[in-house]
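Note sheet for the following structure.
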């Protein structure tokens, strides 16, 4: 059994996960990010305590939305928690709970989760992509997560896809996630609304407009929503094509909130990607949806714990 | 001692290379690509024969301009040699010369050459980029070349850098090499010439216009050549930034004919790249020129032979 913790900006989700990736039971508590890191850490401990008495719990895995020095278990920063800077998460939790703790960023854990429990089981060369507020990536090479020289590999959301393009949250211009993320779709939707363009979006207050709503309206025939969605999907496909041309993977697994749009997304994204992938690199390539769905955070963190515990004997 | 063979569209270069990467002596013969594969193979054998009697020759490495199934030693295709399709190069040469033979594409060998004998000695995470007619790449991960699921990894010249951009030789639109290669610079130069724009380029016949001339004129103050060069260097920098954001390497090594422009290129490309690399990924990153220069093909192929012979004991 492994404890998987998914630290989000709004909620902390925790699950007790068995060796096959079944979530035996799970818990959700508010993150309270605005109250600062020490409060968030208390909430993480609260979640872990729910599972820790259980028989056969071997290790804890944690996924965080930010860059992590994986080797030393140091979270470098998390945008949602302003005082969380260079925090060693591991030492304190190991002291308190007495079992191994592993921390990595959530996109890396997503890829590991799909490798260990999900769509990429048994594969060796895999790109995991998370489509959400931003675009994240986890790179599996020879059956292991590739972390790069300083543990920052996989910032695929920040490949430049439109030179001198729109500004990204990272400060740079033209990044992939500024074109293919939920945030990009929402920005475009709000601009259509403010220009009084005829779209069903006008019936909703600004704060209700999210990627799910835009995609649902597109599915129901709203032309402007379809434009928004189709443009985002085209960029998502282009970015995936670039990654495939670089990595020659066996599989691309697509997860994150936006991927819950399912086949509607997959069909379009796959077509746009394939058009831009060099023919020999299409051979045997699978582009699929993640299996872990809403539980990706919990399963990915549990998968990290499983892999690392087994690696270290 | 290793024999390194560099199969180019115009010439076959061969060298006898010692364990430290010193070229003891070298040979060059015309490829005669238009006469077809069997003639080219005869010419390769002619070059190898020059070295084969030498004491202590352990293995032959060959670099070719096209995709290679490395494991089986099969060259899938070479644009310059139209009848070269799915050719097993190894079997015949091993039979003839009686020592191990290894074949891979020239961009992969470039990266290996810099790792074993050049600027990337001792590094573990390295991106090698060749700037020439196209843009090629070789990816070193954990001290070894990464070849991907079907041996096609590293097609970095075909990341999409301008959606719906100009058409690339591969047929696709907006590829990196359609903006940052020598070919891209030459196309732009010829278009300036044909539009009778005031540039020193007008003093040269079309067939004399190559990347070296354009860069030399730019260095000497020709404004339009400087525009061409600066735009290409900007795209080169952008593409490198994307690769760094994905891989988090310790080093990017730049080689290929265009890189012979030296510091003039490196200074600009490095600045453009750094602007677009996420700050934590700049930490400790080196962007440098290749050491192997004009001998990159010979040294890279010899390095491949050295690595593979040692790996197989």
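The values are calculated or read from the model by the stated rules, or taken from the named source; none is laboratory data. Not measured: the values here are computed from a predicted model. Cβ: placed from backbone, ideal geometry, glycine included. Neighbour counts: every protein chain shown.
Results, tabulated for the structure shown:
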| item | result |
| --- | --- |
| Qualifying residue in the stretch A:226-235 (condition: under 30 Å from residue B:168 (Cα atoms) and in contact with a strand residue (DSSP E or B) (Cβ under 8 Å, 6 or more places away or on another chain)) | no |
| Any hit, the stretch B:288-306, residues being within 11 Å of chain A (Cβ to nearest Cβ) and surrounded by fewer than 20 Cβ atoms within 10 Å (Cβ to Cβ) | no |
| Which numbered condition residue B:171 fails, given (1) within 14 Å of chain A (Cβ to nearest Cβ); (2) buried (at least 24 other Cβ atoms within 10 Å of the Cβ); (3) not in a helix (DSSP H, G or I) | (2) |
| Hits in the stretch A:141-158 (condition: farther than 22 Å from residue B:123 by Cβ and in contact (Cβ under 8 Å) with a residue 40 or more places away in the chain) | A:156 |
| Strands (runs of 3 or more DSSP E) fully within the stretch B:68-143 counting 3 or more residues that are modelled with pLDDT of 95 or more and surrounded by 21 or more Cβ atoms within 10 Å (Cβ to Cβ) | B:101-105, B:126-131, B:135-141 |
| Pick from the stretch A:219-248, criterion part of a helix (DSSP H, G or I) and without any contact (Cβ under 8 Å) to a residue 24 or more places away in the chain, ranking: surrounded by the most Cβ atoms within 10 Å (Cβ to Cβ) | A:246 |
| Qualifying residue in the stretch B:38-56 (condition: outside any helix (DSSP H, G or I), under 24 Å from residue B:157 (Cβ atoms) and in the same structural domain as residue B:22 (by TED's automatic domain parsing)) | no |
| Residue that is surrounded by the fewest Cβ atoms within 10 Å (Cβ to Cβ), among those in the stretch A:34-46 that are touching a strand residue (DSSP E or B) at 6+ places or on another chain (Cβ under 6 Å) and over 14 Å from residue A:13 (Cβ atoms) | A:36 |
| Test: residue in the stretch B:145-162 that is more than 10 Å from every other protein chain (Cβ to nearest Cβ) and farther than 24 Å from residue B:215 by Cα | yes |
| Output for the stretch A:258-283, where each listed residue is surrounded by fewer than 18 Cβ atoms within 10 Å (Cβ to Cβ), facing chain B (nearest Cβ under 10 Å) and in contact with a strand residue (DSSP E or B) (Cβ under 9 Å, 6 or more places away or on another chain) | A:280 |
